[in-house]
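Below you'll find the structure, written out as structure tokens, and then a few comments.
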Amino acid sequence: MVKVSLRGDVHEYENGVTPYQIAQSISSGLARVACAAKIDGEGVDLRTPIEKDCEVEILTFDDPYGKKAFWHTTSHVMAQAVLHLFPGAKFSIGPAIDNGFYYDFDVEKPFTVDDLKKIEDEMAKIIKTGLELNKFTMSVDEAKEVMKDQPYKLELIDEHAGKGEALSFYKQGDFTELCAGPHLMNIAPIKAFKLTSTTGAYWRGSEKNKMLSRIYGISFPKKADLEAHLAAVEDAKRRDHNILGRQLKYFCNSDYVGQGLPLLMPKGAKLFQILNRYVQDKEEYEYGYVMTRTPLMAKSDLYKISGHWDHYKDGMFVLGDEEKDKEVFALRPMTCPFQYQVYLNDKHSYRELPFRYGETSTLFRNEASGEMHGLIRVRQFTISEGHLIIRPDQLEEEFKNCLKLVKEVMTDIGLYEDLTFRFSKWDPENSDKYEGTPEMWEEAEGAMRKILDNIGLEYTEAAGEAAFYGPKLDIQGKNVYGKEDTLVTIQIDMMLAQRFGMTYIDQNNQAVYPYIIHRTSLGCYERTIALLIEKYGGALPTWLSPEQVRILPITEDQNEYAEEIKKKLLRCGFRPEVDARYEKIGFKIREAQLEKVPYMLVVGAKEMEEGKVAVRSRKDGDLGAVALDEFIAKLHEEVDNKVCK
């Protein structure tokens, strides 16, 4: 017998019982909606035998791991339907992802929108049969025989040949797939699904391999959930910065300039400037940073000292050939080794520390062409970069202040509530990717964990996501489609000071190595601008809006008055514009609304005579006529308090 803890209650079951059988013992209703399980916190298939005392949690579609089992099962149904309709298709992989699933196929012609509808119809027929999914294992030789007509599967099987392990398979009706799971017990719970798009995708993501046809999809236990999801997707499309940012003329691209190299237009450049001035002033005057300005490139010698040449060269833009040229340069992918040279220009005492270096840094990274996306993933970008040279006893306080700065910045721009935190650690199984010894990593990760726990921060952990020189706190944001990217990082580095010979004189008059904190505050400006456009649907808070007020004279007779209003607003530190075109006032108002201008001041003969302005709000509509000074006072209150509504 095994003892199983379920929500604190302990039950006894026969050795080898599965989570599905446990769900059945609780209620048939739970068994019907169960998608997967956790055993001692680890996600597993419902068919997993339990052979020791443990804690078990039955997972439904409401749990992220349960969703993935549901979506993974739907992907198998889709593959089965494709093979029915396209018998010669070769299938590769079909995983669940964060927002549904996909499958990659090798077919004669890429799938069309009409093909997707046919595949959906076939999937509906298959689901009506309620097929069960049966899990079994086979040896490598047996697996090769079953998959002899599927070259992509044979490649995967060959990779396991030397491990001596049996291979896991799932079978539903006439479809058999090499797969580790997890999966539903049967396909009947899939009540609603949609194949959302089809695109090309290289086998294993490499441009050296064949281009396959990928189908994306989503599924739910209820039709209403699918309808709500599709409505949310349509809203996401309306907010997508890659579309909206171009429509509102924040940025554009040029084939002559190149992929991943967006051009900020006047509105985008103004927003960048607003954010940059805000961050620089906050860091310098509130947090004690000193500003540096360092070159955009350096000789390879610098990157060899830092370790970036060995660990990051493939992601850099290298200028020259080491075999031919006396000096080889590279555009910088980071600023840390440059700021270290500033520190090394003088000798330092422990009394001087901490040094807080800040820089608005333009960086370059050779991202793969398939990774480019609007302003979120680009090849040239700018970050609010900083490096703190500190004594070990200053680590916790300075780390907390870095996090405090991030919280204040992200709260002011309205993104903080949307962020999550990830403790990114090294992967000891792939130690060649990292500098330092296991002991050094244990010390650095232990220090970060202690700080995070003392703060009481909620975070997840991710092995293999650390920088090559130290662990990171990655502060994550999601775009409108749910794709997660790192927005801000705070890193603990106990290694690079030694590589650069950076020291300070301690209390005992000994030269010792400092600790270093690598950090950003706003992070990547381009990525932040993208998330702001998506968060607010282009209607940025007034304090961030490139144009805060548009003055709309009704006739040419009010143009001079409109210009006087503009001058006064400019003197007060605001960003106004005048629309003096010979157009009807209704047309001007509609254009200003479409361009998401926070306030419109309509001025006609009456307003000019009385020294007033008729105020229209982007949010609240017509607010009536008020004295200009009264409007300015209201605007000051909203902007100075950085209202994000």
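The figures follow:
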quantity	calculated
Qualifying residue in the range 496-515 (condition: surrounded by 22 or more Cβ atoms within 10 Å (Cβ to Cβ) and at pLDDT below 95)	yes
Some residue of the range 158-176 being touching a residue at least 12 places away in the same chain (Cβ under 8 Å), at positive phi and surrounded by 13 or more Cβ atoms within 10 Å (Cβ to Cβ)	yes
Filter result (aromatic (F, W, Y) and either in contact with a Pro (Cβ under 7 Å, 6 or more places away or on another chain) or at pLDDT 95 or above (or both)) within the range 87-102	F101, Y102
Which listed residue, of G464, G477, G501, is within 18 Å of the chain's Cα centre (by Cα) and on the phi > 0 side of the Ramachandran plot	G464
Residue ID - modelled with the lowest pLDDT, chosen from residues in the range 465-490 that are among the acidic types (D, E) and surrounded by fewer than 17 Cβ atoms within 10 Å (Cβ to Cβ)	E484
Evaluation of M291 against (1) over 30 Å from L403 (Cβ atoms); (2) surrounded by fewer than 16 Cβ atoms within 10 Å (Cβ to Cβ) (one fails), failing number	(1)
Long-range neighbours under 7 Å by Cβ, at least six apart or interchain, first residue surrounded by fewer than 16 Cβ atoms within 10 Å (Cβ to Cβ) within the range 244-262, second hydroxyl-bearing (S, T, Y)	Q259/S369
Test: residue in the range 275-285 that is out of contact with any Asp or Glu (no Cβ under 6 Å at 6 or more places or on another chain), part of a strand (DSSP E or B), at pLDDT 95 or above and not assigned by TED's automatic domain parsing to the domain that holds G205	no
All positions within the range 330-355 that are in a loop (DSSP other than H, G, I, E, B), crowded, with 21+ Cβ neighbours inside 10 Å and not hydrophobic (A, V, I, L, M, F, W, C)	R332, T335
Within the range 347-378, considering residues that are of a type in the set (G, A, S) and within 23 Å of the chain's Cα centre (by Cα), the one nearest to G245 (Cα to Cα)	G374
Residue in the range 521-543 that is touching a helix residue (DSSP H, G or I) at 6+ places or on another chain (Cβ under 7 Å) and assigned to a strand (DSSP E or B) present	yes
Pairs with Cβ under 6 Å, 6+ apart, first in the range 395-411 and over 28 Å from P541 (Cα atoms), second part of a helix (DSSP H, G or I)	E396/I451; F399/I451
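The values are calculated or read from the model by the stated rules, or taken from the named source; none is laboratory data. If you're wondering where the values come from, they're calculated on a predicted model, not measured in any experiment. Heads up, the Cβs are rebuilt from the backbone with ideal geometry, glycines too, and the neighbour counts pull from every protein chain shown.
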